[in-house]
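Read the structure below first, then the notes.
Just so it is clear, none of the values below were taken in a lab; they were calculated from the coordinates. Everything numeric in this text was worked out from a predicted model, so none of it was measured. So basically every Cβ, Gly included, is an ideal-geometry build from the backbone, and we count neighbours across all protein chains shown.
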Amino acid sequence: MTILTTLHQILFLTLPASAILIVIRIPVVRLVFGASQFNWEATVLTGATLAFLSVGLAAQAISLLLVRGFYALKDTKTPVIVSIVVVILNIILSVYFISVLKLGVWSIGLAGSIAAIVSAVLLFWTLHFKVGKFDINMVLAPLIKMIMATIIMGAALYIPIKLLDAVIFDTTKTINLLVLTGLSSIFALAVYVIVVRFLKVRELDTYVELIKRLGRFQIKFKSKEILPESV
């Protein structure tokens, strides 16, 4: 399995996860912290911070993969240098957003995501030249398709969240909020799967095959279980 294959498999999972967290940020905050603990203003502010942090989720996952790629090449120096640069960038951006631009606490999440994206880009391009250059078309083609599917999924998730919240569920109750979040997320993931299949994103086939293998393994494992003898 090449590093590009693994990279695309990570993006296949983390991009929709980011979109879901961005769209359902308010329900997530209310479920985790409790509506009674946070007033509405604090909930919205925390939700905004979560949304901006979620933007960098895929980049953080990719960075972890690329760092392991450098370790496999016996290069521990490059990841350390990139890490130092990114930490400094994160601090500078956070101070600038808060102290100079006078933005809210959500800007710390934005700074973290920008730093994570810069980290992923620096690591990728450094590894790109170190191993003899990747085929950029092979990198971008699946990525663009997954981004398109993620955007469509995000839009599809926003509609039922607003509709169910306004018409059906009383989200002041935890159980209703949990059901709303669960149903909307399942619907969004179904839309994502449909779109990536339409766009012929091959990572979907990889995960479908993995699920089939797990199913066959479970059946095989159960068939080997020794049933207790009846008395």
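What to note about this one:
- For the chain, the fraction of C-alpha pairs more than 21 angstrom apart is 66%.
- Modelled this way, with points 7 Å down the Cα-to-C-beta line, the labels at S83 and V179 are 4.7 nm from one another.
- Radius ratio Rg over Rh of the stretch 83-166, counting only Cα atoms, Kirkwood formula for Rh: 1.13
- Longest stretch of the chain clear of exposed loop sites (trypsin sites (Lys or Arg not before Pro), DSSP loop, at most 10 other Cβ atoms within 10 Å, sites excluded): 1-73.
- FRET efficiency estimate (nearest 0.05) - Cβ-Cβ, V44 to I136, R0 41 angstrom: 0.55
- Counting every other Cβ atom within 10 Å of each residue's Cβ, V85, V201, V28 order from fewest to most as V85, V28, V201.
- Estimated FRET transfer efficiency when R0 is 35 angstrom, pair Q37-Y71 (beta carbons, to 0.05): 0.25
- Segment V121..F198, full-extension length gain: 24.9 nm, with 0.36 nm per residue of separation and the alpha-carbon distance subtracted.
- Between A190 and I3, the distance separating the two model label sites (each 7 Å from Cα on the Cα→Cβ line) works out to 4.0 nm.
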